[in-house]
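The values are calculated or read from the model by the stated rules, or taken from the named source; none is laboratory data. Since the structure is predicted, the reported quantities are computational estimates derived from the model, not experimental observations. Using ideal geometry, Cβ is built from the backbone for each residue, glycine included, and neighbour counts are taken over all protein chains shown. All accessible areas refer to the heavy atoms of the entire protein, side chains included, with ligands and DNA or RNA removed. Shrake-Rupley method; radii C 1.70, N 1.55, O 1.52, S 1.80 Å.
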Amino acid sequence: MQLTIEKAKTLKAKPTDESKLGFGNIFTDHMLTVVYSPEEGWHDAKIEPYHAFQMDPAGMVLHYGQTIFEGLKAYRCKDGKIRLFRPEQNFMRMNRSAERLCIPQIDVDFMVDALKKLVELEQDWVPSTPGTSLYIRPTIIASDPHLGVRASNHYIFYIILSPVGAYYATGLDPVPIYVEDNYVRAVRGGTGAAKTAANYAASLLAGEEAKKLGYSQVLWLDGVEKKYVEEVGSMNIFFRFNDEVTTPALVGSILPGITRMSVLQLAQDMGYKTTERRISIEEVFDRYDKGELLEVFGTGTAAVISPVGELKWKDRVIKIGDGTTGELSQKLYDTLTGIQYGELPDNHGWITIL
Ligand SMILES: *Cc1c(COP(=O)(O)O)cnc(C)c1O
């Protein structure tokens, strides 16, 4: 497949104050699109000026939610280079999400290459203030104008870019989390392991209610017994019980995070015993009572590491640590961002330099 490039005639003004970027508010001058038809497969790959889509009101994505997305970042480094973190993993995961949502597979190598060209064209949009990056959002939507439930025959793949600051305004400060024991996000056999809009739609009400109570995110329990911990908001969750660093096993209802996978490796490199297993919420509270719960943190591309300072489950509230960022959370954050920003050696071959 060929990639054509049409450059924008006028460029937008770039943000002058990078400390006010926020997350996902500003978009760059160009986007990448590829379309799919049964006759031609994926074709017509273009980098073109950022623009709104024309969508038929009967467009299937609008009615049946047949859509998947990804999230990764490009980092501007002190050596002047721009780095991507494990981009092939994102497109491989996109293909696993595609399979679950009956969306045709994409060519991983082509997409990594096309993404590199897009970021290269938009390199002036990659911010340079520490902690900032260019967030990359690949998406696929079903575009058949049709009512009636079936998989679409036509799709649009696109990538948009957004210069971002920290995901949480509070940065690495520990956040309070509400353990959700009423609503569920996903069930085994459902779409929880796919990065798809429906999982987020299902999560909104719980998130709103938790926010009203002063909690910044919801910790989801398994959808069957509401007994086992699954994940938190848009992040995977880790617990440090003494020297065991553990995260819920990928049982089918949990999103297999690339940060999760990388943190498991880094914690192992640091000499911790890492496990992936079923973790009941009862165990979390029991081991807190025994003084064995040392740290809790979320992991994800957007927030990197997000320490949890407080957990509320039913009528119990526990405060983890001393209210500051835990030792391991800080070490993992420093190591992971050190690799991403090219300041630490890339021992695992995770980095693609533009
Ligand atoms: C994207 C996402 C994550 C984190 O995945 P990363 O690859 O680490 O960014 C975790 N949970 C959910 C529900 C997600 O959508």
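Checking each residue in the stretch 78-109 for being closer than 29 Å to GLY165 by Cα, part of a loop (DSSP other than H, G, I, E, B) and at pLDDT 95 or above picks out LYS81, ARG86.
Here is a check on your reading of the model: is GLN54 within 16 Å of the ligand (Cβ to nearest atom) and open to solvent by 30 Å² or more (accessible area, probe 1.4 Å)? Considered against the rule, which asks whether it is within 16 Å of the ligand (Cβ to nearest atom) and open to solvent by 30 Å² or more (accessible area, probe 1.4 Å), GLN54 comes out as no.
Taking each residue of the stretch 186-212 that is farther than 16 Å from THR67 by Cα and looking for partners that are open to solvent by 70 Å² or more (accessible area, probe 1.4 Å) and away from the ligand (no atom under 13 Å from the Cβ) with beta-carbon atoms closer than 8 Å, six or more apart or interchain, yields VAL187/VAL224; ARG188/VAL224; ALA206/ASN182. Residue pairs, Cβ under 6 Å, 6 or more apart or interchain, first in the stretch 277-294 and in the same structural domain as VAL224 (by TED's automatic domain parsing), second of a type in the set (D, E, K, R) and part of a helix (DSSP H, G or I). List them. So the pair list comes out as LEU293/ARG287. For first residues located in the stretch 251-271 and closer than 10 Å to GLY300 by Cα and in contact (Cβ under 8 Å) with a residue 12 or more places away in the chain, partners that are assigned to a helix (DSSP H, G or I) and among the β-branched types (Val, Ile, Thr) and lie 6+ apart or on another chain with Cβ distances below 8 Å do not occur.
Before we move on, is ASP113 of a type outside the set (Lys, Arg), at pLDDT 95 or above and either over 21 Å from LEU147 (Cα atoms) or away from the ligand (no atom under 16 Å from the Cβ) (or both)? Yes; evaluated as a whole, the condition is true for this residue. Residue pairs whose Cβ atoms lie under 8 Å apart, sitting 6 or more positions apart in sequence or on different chains, and linking a residue in the stretch 312-332 that is closer than 21 Å to VAL179 by Cβ and modelled with pLDDT of 95 or more to a partner that is open to solvent by less than 40 Å² (accessible area, probe 1.4 Å) and assigned to a loop (DSSP other than H, G, I, E, B), are LYS312/TYR215; ILE320/PRO174; ILE320/GLY326; SER329/LEU172.
HIS43 satisfies every condition listed in (1) assigned to a helix (DSSP H, G or I); (2) surrounded by fewer than 13 Cβ atoms within 10 Å (Cβ to Cβ) except (1). For the stretch 213-227, the set of residues classified as within 16 Å of the ligand (Cβ to nearest atom) and not aliphatic (A, V, I, L, M) consists of SER216, GLN217, TRP220, ASP222, GLY223, listed by residue number.
Checking the structure you have, find out if any residue of the stretch 241-250 is open to solvent by 10 Å² or more (accessible area, probe 1.4 Å) and under 20 Å from GLY71 (Cα atoms).
Looking through the stretch 241-250, at least one residue is open to solvent by 10 Å² or more (accessible area, probe 1.4 Å) and under 20 Å from GLY71 (Cα atoms).
Being on the phi < 0 side of the Ramachandran plot and either open to solvent by less than 50 Å² (accessible area, probe 1.4 Å) or of a type in the set (D, E, K, R) (or both) is a property that GLY192 has.
Filtering ASP124, ASP173, ASP113 for residues that are charged (D, E, K, R), open to solvent by 60 Å² or more (accessible area, probe 1.4 Å) and within 30 Å of TYR228 (Cα to Cα) leaves a single hit, ASP173.
Of the strands (runs of 3 or more DSSP E) lying entirely inside the stretch 237-315, the ones with 3 or more residues being of a type in the set (A, V, I, L, M, F, W, C) are found at 293-300, 304-313.
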